[in-house]
Structures are given as structure tokens and as C-alpha cells.
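Data block below; observations after.
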Amino acid sequence: MSGEDWSRWVGRSETLRDSIGPGRAQALQATLDDVEPLLHPGDALPPLWHWAYFWSLAPTAGLGPDGHAARGGFLPPIELPRRMWAGSRVEFPRHLEVGAAVTRHSTIKSVTEKRGRSGRLAFVTVEHVVADEGGPCIVEEHDIVYREAGEKGASPSSYKGAAGEAPPPEGAWQQEVTPTPVLLFRYSALTFNGHRIHYDHPYATQEEGYPGLIVHGPLLATMMIGQLRRERPEARATRFVFRAKRPIFDNRHFTVCGAPDDAAKHAGLWVVDPDGFLAMQGEVDWE
């Protein structure tokens with residue numbers, strides 16, 4: 001990777017088409033224990049649930065050893081083996097309706113390299129514009145981070161994650177979550193995510209050296225913004241940003257928190273890991 005010129009990948013784009021079918025939305029309701037009435041065509045799709053659509057249909061023979069699509073294709077062929085969702089900045093100009101026929105136009109905005117505490121890193125930022133026949137409904141910048149491999153076969157107890165950061169003061173919104181392998185498997189299936197760190201315990205612990213299965217970053221983000229739907233059901237999210245800080249694993253509970261400012265129609269959102277450290281942080285605006 002060192003010295004590679006990735007500039008030719010910047011500006012590369014692709015367009016996918018999909019339909020926001022009610023079956024997948026209803027399955028996500030069941031997966032998240034959503035207590036609202038079942039979603040049907042014409043209903044507004046909850047924010048970030050569009051991640052269950054626009055599947056990347058790589059053939060099984062074209063997958064890498066980690067279950068991801070092999071390097072190359074739309075994204076640059078960065079060889080660093082660990083690939084994770086680092087964060088997103090999302091705007092919601094309009095409701096995305098269940099049943100709508102939609103397109104997602106994706107463009108690579110930047111590719112950068114740096115060296116961090118854990119070794120070499122590469123960051124790819126992709127812009128996604130999801131639109132129906134009336135125009136854009138979602139505009140998202142998605143950051144992907146690539147890292148060096150951990151120690152193969154390392155004991156899970158030897159795993160050393162990112163340095164711990166204290167979370168904000170206790171928020172008015174709180175939800176304690178106990179993740180399970182079934183929850184992670186169902187979310188992987190609904191997002192067509194073959195990454196083995198989310199459902200293959202031997203691979204996650206013995207090959208990548210994690211202490212357990214990793215809870216999907218997008219799932220954590222969906223739970224964070226889901227607090228707005230639960231606590232302020234009349235609100236419509238207009239903007240959401242988040243950044244991952246530390247991984248969450250399936251073997252211990254975590255807490256999803258929010259601190260609303262109703263006057264400003266804004267809330268800080270975050271996830272606290274079992275050791276009391278900040279695992280993910282974000283914010284949402286609404287109208």
C-alpha cells in the first residue's frame with residue numbers, strides 16, 4: 001500500500017437501483033424489537049434503515065477470506081485486511097417511503113493513508129445519494145477505515161482496543177442492550193453483510209484476535225438515532241453524524257444514550273461500552 005497512488009480512484013462512481021420493499025423493513029422491525037405498527041407502502045422508512053437495501057451482490061466465489069467482497073471493483077484494492085465502518089454524515093432532505101423505487105448513486109470522494117497507534121491506516125470516503133422520482137431523500141458521506149491485521153491466534157483476553165475515552169454526562173435517554181449472536185446474524189442477513197467478524201466466532205477470535213463477535217457499527221448507529229423515533233415520535237430527522245470510537249462485542253451489554261435539547265431540536269447521542277468508555281458518538285437534528 002505504501003506509496004500507492006490512489007488518486008485515479010477518486011471520482012469513480014456507480015449507480016444501484018432498488019425498491020424499498022416492506023418485507024425487509026418489517027424484518028428489520030422484528031430484528032430491532034420495534035414496537036411500532038408494521039411498516040407498509042407509503043409509510044416513512046425510519047432513518048438509517050436504508051442500509052438494509054442496495055445490497056452488494058458479490059458472488060460467493062468472489063469473496064475474500066474475511067467474507068467481504070474481494071478487493072477491487074468499485075472500492076480501491078487496499079490490501080490492509082481489517083475493513084470497518086468508521087463513521088458517516090447523513091442528511092435527510094425528504095422522507096424515503098416504503099415501497100418507493102429508488103437509486104443510489106455512489107462516488108469516491110477521497111482516499112488517504114496515515115500511520116496511527118495501531119500501525120498503517122487507510123481511509124476511503126464515499127458519498128451516497130439515495131433518490132426517488134422526486135429527487136434526493138438521503139445524502140450520506142460514509143468513511144471506511146482499513147487497518148493492519150491483529151495477531152493471528154491471539155488469546156481474546158490479550159485484545160487491546162483503542163484507548164478509552166470518557167462518555168458525556170448521563171443523558172436523559174438511555175437504553176441498555178444485551179447483544180446476542182442471533183441479533184448480529186439477523187442484521188448481517190438483512191444488510192447482506194458477509195463480514196465474518198459479526199457471526200463467525202472462531203474466525204473473529206482465532207483469526208482476528210477479538211474477544212468476541214463485533215457488533216456492527218451501522219447497527220449501533222441505527223440504535224442511536226432510533227432513540228429519536230422512540231422518544232420524539234413526531235420528529236423528522238434532518239441530519240445525523242456519528243463516529244466509531246471503540247468496538248462493542250457480543251459478550252457484554254452496552255448502553256445507548258441521548259441528551260436532547262428540544263428548543264434547538266438537537267440531541268447528542270452516544271454508546272457506552274461495558275467498561276464505561278465511549279464506543280460511538282454522534283448527534284441528530286430534527287424538525
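Values in this text are rule-based calculations from the coordinates and carry no lab data. Every value quoted in this text rests on a predicted model; they were computed, and no experiment measured them. Don't worry about glycine lacking a Cβ; one is built from the backbone with ideal geometry, like all the others, and counts go over all protein chains shown.
Using just the helices of the chain, give the 222 nm mean residue ellipticity in deg cm²/dmol: DSSP H runs with n ≥ 4 each add -39,500 (n - 2.57), and the total is spread over all residues, rounded to 500.
On the way: 3 runs with 35 residues, N = 287.
Calculated mean residue ellipticity at 222 nm is -4000 deg cm²/dmol.
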Open item on the list: Using amide H atoms built in the peptide plane, which far-off residues or other-chain residues are under 5 Å from I138 H to H?
Closed with: V130
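Based on the alpha-carbon gyration tensor of segment 1-99 and its eigenvalue square roots a ≥ b ≥ c, which shape applies: rounded if a/c is under 1.5, prolate if not and a/b is larger than b/c, or oblate? Mind dumping the intermediate values first?
On the way: a/c = 2.43, a/b = 1.96, b/c = 1.24.
Here segment 1-99 falls in the prolate category.
Using a Förster distance of 35 Å, how high is the FRET efficiency between W55 and A263, based on the Cβ-Cβ distance and rounded to 0.05? Mind showing how you got there, number by number?
On the way: r = 40 Å, r/R0 = 1.15.
The formula returns an efficiency of 0.30 here.
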Open item on the list: What distance in nm lies between label points placed 7 Å from Cα along the C-beta direction at E170 and A189?
Closed with: 3.8
TODO: Round to a whole angstrom and tell me the spacing of the C-alpha centers of segment 209-287 and segment 1-54.
DONE: 18
TODO: With just the Cα atoms of segment 35-89, tell me how far they stretch along each of the three principal axes, in Å, largest first.
DONE: 44, 27, 20
- [ ] Just add up the charged neighbours of L278: K/R +1, D/E -1, any other residue whose Cβ is under 14 Å from the Cβ of L278.
- [x] -2
Open item on the list: Please list 3J(HN,Hα) in residue order for segment 58-65, calculated via the Karplus relation 6.51 cos²θ - 1.76 cosθ + 1.60 where θ = phi - 60°; whole Hz, with x for glycine and proline.
Closed with: 6, x, 4, 5, x, 8, x, x
- [ ] Within the set of other residues whose C-beta is less than 9 Å from the C-beta of P47, count the net charge using Lys and Arg as +1 and Asp and Glu as -1.
- [x] +2
Task: Cut-off under 5 Å, modelled amide H: who pairs with E97 long-range - done: L45
- [ ] State to the nearest 20 debye the size of the charge dipole of the chain about its Cα centre, where the only charges are +1 on K and R beta carbons and -1 on D and E beta carbons.
- [x] 760
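Please give the FRET efficiency for E231 paired with H253, using the beta carbon to beta carbon distance and R0 = 30 Å, rounded to the nearest 0.05. Spell out each step's value before the answer.
Values: r = 20 Å, r/R0 = 0.68.
Once rounded, the FRET efficiency stands at 0.90.
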TODO: Please build a GNM for the chain, connecting alpha carbons under 10 Å apart, and tell me which residue among G134, G62, G23 fluctuates the most.
DONE: G134
Task: Mean separation of Cα contacts under 8 Å, 6 or more apart, over the residue count of the chain: relative contact order % - done: 19
Task: segment 120-133 - phi-based ³J(HN,Hα) in whole Hz, Karplus 6.51/-1.76/1.60, Gly and Pro as x - done: 5, 9, 9, 10, 10, 10, 10, 9, 10, 10, 9, 9, 9, 5
